[in-house]
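Read the structure below first, then the notes.
The values are calculated or read from the model by the stated rules, or taken from the named source; none is laboratory data. Keep in mind it's a predicted model, so treat the numbers as computed, not measured. Backbone-built Cβ (ideal geometry, glycine too); neighbour counts: all protein chains shown.
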Amino acid sequence: MFTDGERLHAFLYQTQSLLSIRQFTFDMNCRVTQKFISPNTAFVNLEDYTSGKDNVPIMLVNEIDSKLPKPFDYVTERIPLTSDIVMDKESIKGCSCLDGCIDTTKCACWQKTYDGIIQSHYYEDLIGSLKDLFQQSIDIEDDTIDHTEEMRLFLYDALSKRNFGYKHGRLLEKIHSGIYECNGKCKCDSRCINRCVQFGLNTLLQIFNTSEKGWGVRTLYDLPAGTFLSFYAGEILNDEDANRRGTEKSMGDVYFTALDFITSLKPTFLQKKSKTSQSDEHMSMLNEDHQLTSNELYNLQLNGNKQPSTEEKHRGLSNYDSGVYVMDAHYKGNVSRFYNHSCSPNVFVQNVFVETWDVRFPWVAFYTTSSIKAGTELVWDYSYEVDTVENRVLHCRCGSDECRHRLL
Ligand SMILES: [Zn+2]
Ligand SMILES: [Zn+2]
Ligand SMILES: [Zn+2]
């Protein structure tokens, strides 16, 4: 009997168990064996909508009528549409840990995540106060000593104590500056605590007809807070193709997600900025009925970003072109294309880097914000700002008590 994650992880690691800590929870409210069974009659009931293409089956039910979603290719990866879209996979580095990366202050991959936090404008206040603490702890009289390295280690230690990043396979708090998972160049293996998104879908979900909002996704079992659900799969488009597809009358840009993590880092993108919003690596996904053109989408992204920072030089952004790429899940995609918006979300998005550190191409990953009961719809906040796109009004139908009533 294990009562804490630390010991359980150590046990699984030492016994080289095939079980992962992601399969366990210490949340006593989480009923692990109770499956959601809908009281309604289903007109459509598919055991695996993905036809075996995803890690685990994804059910699809329609309790409203006998329709299915419009057909698309179910894929579990990100596919560049054109050959000019090349991810930089060369400059990625691995760590040399042999402890499953449990000492996060020594792991080069965790350090990469911590460096992102240290350099991010989002965490300015936190890092500032930690630096003050460090200053108080050293002998400031003697200015012949260079404390840079010492301070770096002090910050890593402080950040690890604050539990930034995965904790026993779960992500309890969003890291706005991105997460760098361990990768193929690392010495650690699949038991490492810094790997999650790369294993893909691992929970049993069900696509269902919500009637009000079109198709949606619900969980068939209780999920603890911080559980990874899925990442956004589909085609990666450059702006030209995104614009072309967006204006094609037959489809509109209904399943677009902008990969604009880079705009949260790069000041030159923000010159048109007029307001700030809650989210700095702002994303967009438009569900059916929400017909925005690509230009409007881009303006929304730009308006929605936070204050510029001086991170460009630290993060080597000048090596990359300035394009914002778009994920399009219209023709090719996975379960992530079906998540709806809510003003009271139970899912958050996290930018994660796995096989590339190219800031233009983060994996857009979805995690639960809190523990969620079986049968609950999984929804996230698209975080648009009302009146940021001219002549556009988009009413929200999320039905939550905190509903802002308008998406745009
Ligand atoms: Zn490591
Ligand atoms: Zn690593
Ligand atoms: Zn590792």
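Below is a table of values for the structure above.
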read-out: Lone unmet requirement of (1) free of Cβ contacts under 8 Å to residues at least 60 places away in the same chain; (2) surrounded by fewer than 20 Cβ atoms within 10 Å (Cβ to Cβ); (3) not acidic (Asp, Glu) for residue 225; value: (1)
read-out: Residue, farthest from residue 191 (Cα to Cα), within the range 8-30, restricted to residues that are outside any loop (DSSP other than H, G, I, E, B) and of a type in the set (Phe, Trp, Tyr); value: 11
read-out: Filter result for residue 165 (within 14 Å of ligand 3 (Cβ to nearest atom) and out of contact with any Cys (no Cβ under 9 Å at 6 or more places or on another chain)); value: yes
read-out: Residue in the range 30-46 that is within 27 Å of residue 196 (Cβ to Cβ), exposed (fewer than 11 other Cβ atoms within 10 Å of the Cβ) and at pLDDT 95 or above present; value: no
read-out: Selected residue (only one of 132, 103 is among the acidic types (Asp, Glu) and within 16 Å of ligand 3 (Cβ to nearest atom)); value: 103
read-out: Residue selected from the range 200-216 under the condition closer than 17 Å to residue 50 by Cα and of a type outside the set (S, T, N, Q), by the criterion farthest from the chain's Cα centre (by Cα); value: 208
read-out: So residue 95, is it touching a residue at least 60 places away in the same chain (Cβ under 8 Å), within 8 Å of ligand 1 (Cβ to nearest atom), closer than 14 Å to residue 159 by Cα and buried (at least 16 other Cβ atoms within 10 Å of the Cβ); value: no
read-out: Some residue of the range 34-52 being within 30 Å of residue 244 (Cα to Cα) and touching a residue at least 12 places away in the same chain (Cβ under 8 Å); value: yes
read-out: Output for the range 158-205, where each listed residue is among the hydroxyl-bearing types (Ser, Thr, Tyr) and in contact with a strand residue (DSSP E or B) (Cβ under 7 Å, 6 or more places away or on another chain); value: 180, 203
read-out: Residue in the range 161-180 that is farther than 30 Å from residue 124 by Cβ and within 15 Å of ligand 2 (Cβ to nearest atom) present; value: no
read-out: Failed condition for residue 217, given (1) surrounded by 23 or more Cβ atoms within 10 Å (Cβ to Cβ); (2) within 16 Å of ligand 1 (Cβ to nearest atom); value: (2)
read-out: Filtered residues of the range 184-206 (kept if buried (at least 22 other Cβ atoms within 10 Å of the Cβ), farther than 14 Å from residue 103 by Cβ and within 11 Å of ligand 1 (Cβ to nearest atom)); value: 195
read-out: The range 169-194 - residue that is of a type outside the set (Ser, Thr, Tyr) and touching a Lys or Arg at 6+ places or on another chain (Cβ under 7 Å) and, of those, nearest to ligand 3 (Cβ to nearest atom); value: 182
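Quick grid of which residues meet (1) farther than 26 Å from residue 186 by Cβ; (2) touching a helix residue (DSSP H, G or I) at 6+ places or on another chain (Cβ under 6 Å); (3) modelled with pLDDT of 95 or more; (4) within 16 Å of ligand 2 (Cβ to nearest atom):
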residue	(1), (2), (3), (4)
115	no, no, yes, yes
122	yes, no, no, no
126	yes, no, yes, no
130	yes, yes, yes, no
140	yes, no, no, no
146	yes, no, no, no
155	no, yes, yes, no
158	no, yes, yes, no
